[in-house]
Amino acid sequence: MAQEIKAAVLHKVKDVRIDSVSMPGSIEDTEVLVKIKTVGICGSDIHYYKHGRIGNYVLEKPMILGHESAGEIVKTGSKVTHLQVGDRVALEPGVPCTNCEYCRKGRYNLCPEIKFMATPPIDGALVEYLVHPAAYTYKLPDNLTFAEGALIEPLAVGIHAVRIAHVEPGDTVAVLGTGPIGILTIQAARAMGATEIIAVDIKEFRLNLASKSGATKIINAKKLDASLKIKEITRGEGVDKVFETAGSIITTQQTVEVVKKGGTIALIGLATQDIIPLNVMKLIWNEIKVQCVQRYANIYRQAIALVAGGQINLKSLITKEFSLEQIEEALTAIDREPETTMKSIVKL
């Protein structure tokens with residue numbers, strides 16, 4: 001009889017259970033077996049829990065949640081040479097086909113066949129043991145914790161965003177929305193040399209963390225007109241780069257108002273509706289570049305190095321810790337305590 005292990009399984013909307021699943025059997029030559037130690041709760045996990053779908057991805061059968069993960073290797077395939085039993089690792093959750101046009105160009109985040117953890121119908125990482133390709137498994141330096149290893153995943157989004165928006169030393173930057181991705185985008189922009197970083201949100205505790213994370217100015221959009229204030233700060237010019245991370249209609253439209261001529265808008269947040277009216281004439285006349293951000297590619301090693309070197313602080317994001325048995329509490333923490341919850345993690 002196969003050994004049974006525990007996993008957090010979403011069966012339907014607002015129905016998550018700790019189920020027994022089979023221990024992974026044999027592994028391929030290029031795979032590793034990982035004892036999962038820590039998993040971060042992402043907004044997508046919460047969204048699937050509350051709504052059962054994100055866009056075209058619909059929960060049609062039970063699915064293990066979680067894609068921000070770190071753990072310890074307990075077995076390696078015969079062809080794995082860069083990892084060994086006992087290594088502490090972070091797992092990149094998206095596994096592409098490696099053969100399509102996008103993979104061959106290095107843009108594997110756009111691979112149409114990518115298998116991404118906890119995206120229906122692919123199971124995620126909230127399970128005691130997981131088999132994963134060694135090529136997407138990264139050894140953690142001794143000075144990084146498992147929790148930091150799990151949060152390399154959202155950090156990769158922020159780093160990818162500032163890279164493809166071409167943030168340069170001396171740039172002025174605005175980040176609209178200071179949830180976890182917004183905070184990590186701020187830190188990534190600072191690490192890339194941005195000197196003026198303006199953070200906008202409606203929650204004071206998030207803005208306070210943004211200030212500690214590298215924002216040079218903070219704006220509470222409940223108290224001030226964010227567009228006017230950014231123009232005031234930049235002496236009427238606007239910012240070189242603006243990152244939308246909130247996924248709201250208002251902030252998406254504000255990006256056009258606060259970016260300077262010839263600047264770049266980066267859209268990261270998942271908007272609440274598919275079609276949002278934008279001032280296209282202003283985009284054209286001012287030759288604004290609109291850059292959309294879909295996850296990341298080829299970022300994990302750089303992200304790990306930045307955290308290990310002290311340029312990025314991931315521990316500051318963690319506000320709640322839960323056990324696997326407390327998965328429902330972890331998924332609902334932000335609704336119960338929205339003024340104090342930034343990032344929840346589950347320890348297995």
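The values are calculated or read from the model by the stated rules, or taken from the named source; none is laboratory data. Computed from a predicted structure; not experimentally measured. Here Cβ is always computed from backbone atoms with ideal geometry, including for glycine, and neighbour counts include all displayed protein chains.
Here are some notes:
- Any hit, region 182-204, residues being more than 17 Å from Leu314 (Cβ to Cβ), assigned by TED's automatic domain parsing to the domain that holds Glu92 and crowded, with 21+ Cβ neighbours inside 10 Å: no
- A count restricted to region 134-156 and to residues that are buried (at least 24 other Cβ atoms within 10 Å of the Cβ) and among the hydrophobic types (A, V, I, L, M, F, W, C) stands at 5.
- With respect to the conditions (1) assigned to a strand (DSSP E or B); (2) of a type in the set (A, V, I, L, M); (3) farther than 15 Å from Pro154 by Cβ, Ile276 lacks only one, and its number is (1).
- All of Ala308, Ala271 fail the test of being aliphatic (A, V, I, L, M), over 17 Å from the mean Cα position of the chain (by Cα) and surrounded by fewer than 18 Cβ atoms within 10 Å (Cβ to Cβ), apart from Ala308.
- Taken over region 303-323, the criterion of being outside any helix (DSSP H, G or I), small (Gly, Ala, Ser) and out of contact with any strand residue (DSSP E or B) (no Cβ under 8 Å at 6 or more places or on another chain) is satisfied by Gly309, Gly310.
- With respect to (1) of a type in the set (Phe, Trp, Tyr); (2) within 20 Å of the chain's Cα centre (by Cα); (3) under 25 Å from Tyr48 (Cβ atoms), the lone exception for Tyr138 is condition (3).
- Qualifying position, being in contact with a His (Cβ under 7 Å, 6 or more places away or on another chain) and part of a loop (DSSP other than H, G, I, E, B), among Gly193, Gly214, Gly124: Gly124
- Top-ranked residue in region 227-273 [being assigned to a helix (DSSP H, G or I) and of a type in the set (Asp, Glu); ranked as farthest from Leu283 (Cα to Cα)]: Glu232
- Scanning region 69-106 for residues that are touching a residue at least 24 places away in the same chain (Cβ under 8 Å), out of contact with any Ser or Thr (no Cβ under 6 Å at 6 or more places or on another chain) and of a type in the set (D, E, K, R) returns Glu72, Lys75, Asp87, Arg88, Glu92.
- Selected residue (only one of Ile299, Ile284 is among the β-branched types (Val, Ile, Thr), under 30 Å from Ala147 (Cβ atoms) and either in contact with a Gly (Cβ under 9 Å, 6 or more places away or on another chain) or at pLDDT 95 or above (or both)): Ile299
- Some residue of region 295-302 being under 19 Å from Leu155 (Cβ atoms), touching a helix residue (DSSP H, G or I) at 6+ places or on another chain (Cβ under 9 Å) and part of a helix (DSSP H, G or I): yes
- Hey, Lys61 at pLDDT 95 or above, over 20 Å from Ser22 (Cα atoms) and charged (D, E, K, R) or not: no
- Any hit, region 72-80, residues being under 18 Å from the mean Cα position of the chain (by Cα) and closer than 23 Å to Gly40 by Cβ: no
- Residue among Val131, Val175 that is over 14 Å from the mean Cα position of the chain (by Cα), closer than 26 Å to Pro93 by Cβ, surrounded by 24 or more Cβ atoms within 10 Å (Cβ to Cβ) and not small (Gly, Ala, Ser): Val175
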